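> Take this structure, written in structure tokens, and hold onto it; I'll ask about it next.
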């Protein structure tokens, strides 16, 4: 199976959001990646429900929603109603993670867990069979333009081994500093899905950039 490419809409031109959403629709991309930041769990604030509703009206592909917020349980039904297909919460933000995962699934979405760079993949060992996706952050969440964290490759390998040994079948997704230079090594290490923001939308030809990542 070829790698899943999920352009991060946070890096799109919000003055031309419909245009950029159509660009993703017409590209080789597989998903729309939507980063939701609350200014508490991470220092920055991104877009909210009205913007996601607008994206949903144009998007023809999977909405991959990544919650970088505290107390995500309060908003699970809201994100279902606004059109999320995959809902990913942070391990670090959930006191009762298993319950949160079950609630996401009960609302008809696929459930993902994101791990900050300092969080070990081993902490998910009791949850692997319940997960549809694990998102490994390869930069610290909430800030754009950071350098890729090299330890990510080993985390992917460790998580892939855990998946094989447990018989689970979740997707391994990488977010942060992804580009055409590190993408082949990420895929070789075991990544199934790559999130790319500025690398796509700030490139001279975003459609070609997406296609190049898809073909890594």
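FYI, it's all coordinate maths here, none of it is from the lab. In this text the structure is predicted, and so the values were computed from the model without any measurement. Note that each Cβ is placed from the backbone with ideal geometry, even for glycine, and that neighbours are counted across all protein chains shown.
> Given the DSSP H assignment, sum -39500 (n - 2.57) over each helix run of at least 4 residues in the chain and divide by its residue total; what's the result at 222 nm in deg cm²/dmol, nearest 500?
After summing the helix terms and dividing by the residues of the chain, the value is -9000 deg cm²/dmol.
> Sorted from largest down, what three extents in whole angstroms do the Cα atoms of region 4-214 have along their principal axes?
Rounded to whole Å, the extents work out to 43, 37, 30 Å.
> For residue 49 paired with residue 198, estimate the spin-label separation in nm (one decimal), with each label point 7 Å from Cα along the Cα-to-Cβ line.
That separation, rounded to one decimal, is 3.2 nm.
> While we're on this one: Of the beta bridges DSSP finds with both residues in region 35-117, what % are antiparallel, to the nearest 5?
10
> A follow-up question, please. Which log10 I(q)/I(0) values does region 91-156 give at q = 0.13, 0.27, 0.29 Å⁻¹ under the Debye formula, counting every alpha carbon as one identical point scatterer?
-0.39, -1.22, -1.32
> If you take the C-alpha gyration tensor of region 155-201, multiply each eigenvalue by 5 and take the square root, what semi-axes do you get, largest first, in whole Å?
23, 10, 7
> A further question follows. Post the alpha-carbon centroid distance, region 52-75 to region 150-216, in whole angstrom.
21
> A follow-up question, please. Label points 7 Å out from Cα along the Cβ direction at residue 165 and residue 60: separation in nm?
Between residue 165 and residue 60, the simple spin-label model gives 4.4 nm.
> Further question: Looking at the chain, send over the antiparallel percent of its DSSP beta bridges, to the nearest 5.
Within the chain, antiparallel bridges account for around 5 percent of the total.
> To the nearest 0.05, how large is the calculated FRET efficiency for residue 16 and residue 180 if R₀ is 22 Å and r is the Cβ-Cβ distance?
So the FRET efficiency works out to roughly 0.35.
> Same structure, new question: Could you calculate the contour length gain from residue 211 to residue 25, that is, 0.36 nm times the residue separation minus the distance between their Cα atoms, to one decimal place in nm?
Using 0.36 nm per residue and subtracting the Cα-Cα distance, I get 65.7 nm.
> State the volume of the convex hull built on the alpha-carbon positions of region 129-192, expressed per residue in Å³ and rounded to an integer.
So the per-residue Cα hull volume is 78 Å³.
> Given that compact globular proteins tend to follow 2.2 N^0.38 Å, what is the ratio of the alpha-carbon Rg of region 23-82 to that value?
In units of the globular-protein estimate, region 23-82 measures up at 1.17.
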